[in-house]
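The values are calculated or read from the model by the stated rules, or taken from the named source; none is laboratory data. Please read all numbers here as calculations on a predicted model, not as lab measurements. We place every Cβ from the backbone using ideal geometry, glycine too, and count neighbours over all the protein chains shown.
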Amino acid sequence: MKVVQITGERQVQVVDYPEPKASKDQVVVKIHAAPMCCEYKDFKKGNNYCLGHEASGEVVEIAQPGKVKVGDRVVVMPQNPCGSCALCLAGDYIHCQHCIDMGKTWTGTYGQFVPKTDWLLVPIPDGVSYDHAAMACCGLGPTFGAMEAMNVGAFDTVLITGMGPVGLGGVINGVYRGAKVIAVESQPYRANLAKSLGASAVVDPTDPQSAKNIMDLTGGLGVDKCIDCSGAPTAQRLLVDCARRRGEVSFVGEAGELTLHVGNDLLRKGLTLRGIWHYNRAGTTRIMKIIRECPDAMDKLITHRFPLSRVREAFELQITGNCGKMILQPWV
């Protein structure tokens, strides 16, 4: 099979790799859509590893009867959790402390096939395309998990910092729930895309008055629910400052140090802070419902598609920020 391999700083190639084989509850999925996420950062640095952690495709081989059968259309969920610990059994497999070591087996999704434990495959509803269904991972998933945890609804104002693909998915999730969404983004392409997806306002974080502008948009009270998708400590600080008293803040973007004052930020404001990586397995039917009912939004979120042979071009485009969610098509 063909897979993508980083060979140096801003260097990449498509190479041949042995096809995976089904074994026990590990099945083989033929990948039809592989969304691109943060792997471009490793492309910039020249870090090579098993690329890709989200996909949709078709089950083509099983070793024994189980939760899927050959021909099933599925979304491939991330990681290789054990499936038997308390966290996995509760649906929070993303936090599993006993992930299975797949050895030298290719488990990335920047390729034509991937082996996966059958219970980590989510059925794709009839009428939903592979491209749209693949948004159930990092496209909509992290902010969906945050909004589930914060119980975002139509009476809420939601502030989302960072309009990369994850943040843009957050706009879709918030608008679907009827919330008023305020986006924070300085990159023009992504700011405009956030508006087209339904953000009621987009605030430029480089504006010295950005915090005041956000407070003005909420009548001086602050924002009900906040989600950081930027991974930038300055943006995370903005959320803490602009959240209303007794508000909630979820951190989705991975970043470094954020300085908090326990008294002023937490005790006096009464904030609830959360770290959100993904969503509970029980939410899969609800996230698929959003995808099925919002095809126009999915089409806007997915701005580019590339065959594996043009993956370097795709990485370079991601670096510019002039894109939303991008998809690799292994069989084109």
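Evaluation of THR259 against the conditions (1) at pLDDT 95 or above; (2) among the β-branched types (Val, Ile, Thr); (3) part of a loop (DSSP other than H, G, I, E, B) shows that the sole unmet condition is (1). Selection of first residues in region 176-194 that are over 22 Å from ILE290 (Cβ atoms) and part of a helix (DSSP H, G or I) and of second residues that are modelled with pLDDT of 95 or more and not hydrophobic (A, V, I, L, M, F, W, C), restricted to Cβ pairs under 6 Å at least 6 apart or on distinct chains, gives the following pairs, ordered by first then second residue: TYR189/ASN322; ALA191/GLU185. One residue stands out in region 274-332 among those that are among the basic types (Lys, Arg) and closer than 15 Å to PRO35 by Cα: the one that is surrounded by the fewest Cβ atoms within 10 Å (Cβ to Cβ), namely ARG305. Would you point out the residue of region 146-186, among those that are of a type in the set (Gly, Ala, Ser) and surrounded by fewer than 24 Cβ atoms within 10 Å (Cβ to Cβ), that is nearest to GLY324 (Cα to Cα)? Across region 146-186, the extreme among qualifying residues is GLY164. Restricting attention to region 78-104, which residues are on the phi > 0 side of the Ramachandran plot and surrounded by 13 or more Cβ atoms within 10 Å (Cβ to Cβ)? Once the filter is applied, which keeps residues that are on the phi > 0 side of the Ramachandran plot and surrounded by 13 or more Cβ atoms within 10 Å (Cβ to Cβ), region 78-104 yields GLN79, GLY83, GLY91.
Of ALA235, ALA314, ALA282, ALA297, all but one fail to be in contact with a Ser or Thr (Cβ under 6 Å, 6 or more places away or on another chain), assigned to a helix (DSSP H, G or I) and at negative phi; the exception is ALA235. Taken together, the criteria exclude PRO125 from residues that are in contact (Cβ under 8 Å) with a residue 24 or more places away in the chain, out of contact with any helix residue (DSSP H, G or I) (no Cβ under 9 Å at 6 or more places or on another chain) and not in a helix (DSSP H, G or I).
Evaluation of LEU266 against the conditions (1) surrounded by 15 or more Cβ atoms within 10 Å (Cβ to Cβ); (2) part of a helix (DSSP H, G or I) shows that the sole unmet condition is (1). Residues that are touching a residue at least 12 places away in the same chain (Cβ under 8 Å) and assigned to a loop (DSSP other than H, G, I, E, B) within region 102-122 comprise MET102, THR105, TRP106, THR107, GLY108, THR109, TYR110, GLN112, listed in sequence order. Residues in region 27-59 that are within 16 Å of LYS116 (Cβ to Cβ) and either assigned to a loop (DSSP other than H, G, I, E, B) or modelled with pLDDT under 95 (or both): CYS50, LEU51, GLY52, HIS53, GLU54.
Residue pairs whose Cβ atoms lie under 6 Å apart, separated by 6 or more positions or on different chains, with the first residue in region 69-89 and farther than 17 Å from THR285 by Cα and the second among the hydroxyl-bearing types (Ser, Thr, Tyr), are PRO81/TYR93. For region 1-50, the set of residues classified as more than 20 Å from the chain's Cα centre (by Cα), loosely packed, with under 15 Cβ neighbours inside 10 Å and not charged (D, E, K, R) consists of THR7, GLY8, GLN11, GLN13, VAL15, PRO18, SER23, GLY46, ASN47, listed by residue number.
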